[in-house]
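The values are calculated or read from the model by the stated rules, or taken from the named source; none is laboratory data. Computed from a predicted model, the values in this text were never measured in an experiment. Please note: Cβ atoms are built from the backbone with ideal geometry, for glycine as well, and neighbour counts cover all protein chains shown. SASA here: full protein model, heavy atoms, side chains in, ligands and nucleic acids out. Shrake-Rupley method; radii C 1.70, N 1.55, O 1.52, S 1.80 Å.
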Amino acid sequence: MFQKIYCYLKSLPLEHNKKLLVIMLGLVMLFALVPRIAGMIVDPESFYHNDGMEYRDIAEQISKGNGFSVSYYRWYEAVPDVPEPLRTDFSRPPMLPLLGAALFLLPFDWEISAIVTVHLMSLICILLVFLLGREVFKSNTIGFLSAVIYAFYPYSIYHSLCWSSENLFLIFFCAAWIFLIQAVRNDFNLKQAALCGVFMALATMTRPQGALVFIILGAIAAVVFFKTLWKEREYAWRLFRGTAVFGISALVVFSPWMIRNWYHCGIPSPFSFYGAYSFAQASSDVSYVTYQYVDTPQYQEKTDAAWDKFHKEKTNALKEKKAFTLVEADPYWKQWAWEYIRENPGKMAFIVRNRVLHCFRAAPNAAAVSPKIVIILRIYFVIFLALILCGIWYARKNRAAISLLIPPLCALILAVPFLMILRYRYPFFAPFAAIFAAYGFYELCRRFFNRKSSKLNLELPQS
């Protein structure tokens with residue numbers, strides 16, 4: 001019996017049988033749809049969680065020829081005495097609204113089209129995790145295991161129930177990372193560098209947190225360039241050309257949105273203007289009370305009170321200053337954030353410490369879910385984390401694999417000045433963690449079976 005198992009594993013049919021690989025991936029996607037569809041049936045209202053109605057409204061206005069605009073005032077905006085029925089939006093990046101606007105052109109009910117699109121995006125995410133895992137380790141088997149782990153990762157299921165930007169970001173982000181690895185492996189191939197820049201820009205125009213990746217990659221490229229400039233001049237200039245093409249390609253993608261922002265508010269920014277408000281909320285008693293009462297029965301009452309007080313005070317102040325757009329309010333949100341940091345260093349230390357710890361949190365707030373779910377998720381994440389750490393250790397000499405640590409690092413850095421909720425962590429963590437977990441599982445199995453099969457002179461091939 002053991003000999004049959006060893007021989008089967010040694011043959012690794014996914015490496016040699018493309019037809020079987022396609023069938024197996026198809027089955028994974030089919031089974032992955034089951035919890036996603038069931039979740040929508042059980043909780044249909046979750047579809048518009050995470051700002052879904054706001055994205056839908058902007059999409060509808062685009063489809064009507066009103067541009068990127070909204071038809072109502074958000075909780076963080078001051079309302080003038082005579083409200084405007086339609087206002088230019090500066091809060092949300094453009095990619096998800098553009099996708100939503102395209103759905104309004106279809107001859108079907110928008111919500112049905114959006115639900116189908118959400119499921120399609122979920123399946124594309126699974127495919128891209130497979131492709132990224134395969135690219136990193138040059139192994140269909142590890143790519144397949146990565147796809148399986150990601151497909152049934154709890155938060156990948158949850159974020160496939162909502163009309164939100166996480167999965168669209170993940171699609172662009174994983175595609176960018178595939179081309180990044182290919183470009184570096186192929187002596188900074190210009191075509192692959194260009195495609196990496198295009199997809200990284202599209203990701204950033206889906207969720208602006210992607211901007212930090214540009215900074216980190218730019219810093220790494222600069223260090224390597226100056227380190228190799230004198231000893232490996234040809235390599236350094238290939239790196240320079242590849243980086244330049246990457247940046248120019250990204251700038252080309254950013255440029256229409258930059259022109260739009262310049263036209264409407266005089267600032268040629270490739271990003272939305274939500275950051276200052278997020279910074280202010282993250283540096284306030286709203287965040288302090290959140291971490292004071294997290295996982296307690298008083299959480300909802302205390303945070304609701306802090307939330308209402310904070311926004312009432314700030315929107316009233318904005319109304320007095322006649323700052324009715326997010327661009328006009330931008331300097332005030334920044335001012336209030338810095339004032340809170342200077343006046344409450346103890347509270348800020350408490351907030352930042354808990355926000356960093358939040359990045360490693362296994363389960364949602366215990367005040368919002370049942371104790372059984374919390375226990376199940378914690379057990380799941382203990383096993384998941386063990387596999388991730390094994391994968392990182394076994395892949396420590398693989399530079400392409402180590403590059404997968406950059407996105408989680410970005411999530412950790414962003415947690416210091418800005419809000420941290422598990423939704424923000426998901427696209428920077430889930431696909432890359434799934435790949436490390438898959439490699440950790442594969443290596444553990446390989447080493448175990450090789451040890452057991454030594455008497456039979458059988459050995460699994462390394463990836």
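Provide the solvent-accessible area of His16, counting protein heavy atoms only and rolling a 1.4 Å probe, rounded to the nearest 10 Å².
150
Report the equivalent ellipsoid semi-axes for region 252-356 in whole Å, largest first, defined as the square roots of five times the eigenvalues of the gyration tensor built from alpha carbon atoms.
Semi-axes from the Cα gyration tensor: 30, 16, 13 Å.
Given the -39500 (n - 2.57) contribution per DSSP H run of 4+ residues, what per-residue ellipticity at 222 nm results for the chain, rounded to the nearest 500 deg cm²/dmol?
Taking each H run of at least 4 residues, the total per residue is -23500 deg cm²/dmol.
Do the alpha carbons of any pairs in Lys321/Lys347; Lys64/Lys319; Lys191/Lys231; Lys19/Lys191; Lys19/Lys138 sit beyond 20 Å of each other, and which pairs?
Lys321/Lys347; Lys64/Lys319; Lys191/Lys231; Lys19/Lys191
Among Tyr340, Tyr76, what's the order by accessible area (1.4 angstrom probe), most exposed first?
These residues rank, largest area first, as Tyr340, Tyr76.
Quote the Stokes-Einstein diffusion coefficient, in whole µm² s⁻¹, for region 143-261, based on the Kirkwood radius over alpha carbon pairs, a temperature of 20 °C and a viscosity of 1.002 mPa s. Walk me through the numbers on the way to the answer.
Values: Rh = 15.6 Å.
The calculation lands on 138 µm²/s.
Quick one: Debye curve from the C-alpha atoms of region 95-176, no solvent, what's log10 I(q)/I(0) at q = 0.17, 0.20 Å⁻¹?
-0.69, -0.87
Top to bottom by accessible area (1.4 Å), largest first, where do Val356, Val416 land? Walk me through the numbers before you get to the answer.
Values: Val356 45, Val416 65 Å².
The most accessible residue leads, giving Val416, Val356.
If you bin the C-alpha pair distances of region 195-309 every 10 Å from 0, what whole percents do you get?
The calculated distribution, bin by bin, is 12, 27, 22, 20, 13, 5, 0.
I'd like the accessible area for Glu313, computed on protein heavy atoms only with a 1.4 Å probe and all protein chains in place. Round to 10 Å², please.
The accessible area comes out at roughly 100 Å².
In the chain, with Lys and Arg counted as +1 and Asp and Glu as -1 at Cβ, which of these residues, Ala386, Gly197, Trp307, has the Cα nearest the positive end of the dipole, that is, farthest along it?
The residue sitting farthest along the positive end of the dipole is Ala386.
Against the 2.2 N^0.38 Å scaling, with N counting residues, where does region 25-141 land? I'd like the Cα-based Rg ratio to two decimal places.
1.35
Order the following by accessible area, largest value first: Phe169, Phe271, Phe179, Phe360. Probe radius 1.4 Å; ligands, DNA and RNA are ignored.
Phe360, Phe271, Phe179, Phe169
Counting pairs of alpha carbon atoms under 8 Å apart in space and at least six apart in sequence, what relative contact order in percent does the chain give?
19
Counting only Cα atoms, I'd like the Rg/Rh figure for region 55-111, Kirkwood definition for Rh. Intermediate results must be reported in sequence, preceding the final value.
Details: Rg = 12.2 Å, Rh = 12.0 Å.
Computed over Cα atoms, the ratio is 1.02.
Just to confirm, what accessible area per residue do you get for the chain at 1.4 Å probe, in whole Å²?
On a per-residue basis, the chain sits at 49 Å².
How big is D for region 181-250, in µm² s⁻¹ as a whole number, if Stokes-Einstein is applied with the Kirkwood radius of its Cα pairs at 25 °C and 0.890 mPa s?
201
Towards the positive end of the charge dipole of the chain, with charges on Cβ (+1 Lys, Arg; -1 Asp, Glu), say which of Val116, Phe225, Ile37 has the farthest Cα.
Among Val116, Phe225, Ile37, the one farthest towards the positive end of the dipole of the chain is Phe225.
So how exposed is Arg87, as accessible area in Å² (1.4 Å probe, rounded to 10)?
Result for Arg87: roughly 20 Å² accessible.
Set the Förster radius R0 to 35 Å, insert the Cβ-Cβ distance between Leu357 and Phe108 as r into 1/(1 + (r/R0)^6), and round the FRET efficiency to 0.05.
E(calc), rounded to 0.05, equals 0.20.
For the chain, give the percent of accessible area contributed by carbon and sulfur heavy atoms, probe 1.4 Å, rounded to a whole number.
Of all accessible area on the chain, carbon and sulfur atoms account for 67 percent.
Taking every alpha carbon pair in region 352-413, what does the distance histogram look like in 5 angstrom bins from 0, in percent?
4, 15, 18, 21, 20, 13, 7, 3, 1
Mind grabbing the base-10 log of I(q)/I(0) for the chain at q = 0.09 Å⁻¹? Debye formula, identical points on the C-alpha positions, no solvent, two decimal places.
One equal scatterer on each Cα of the chain leads to -0.68.
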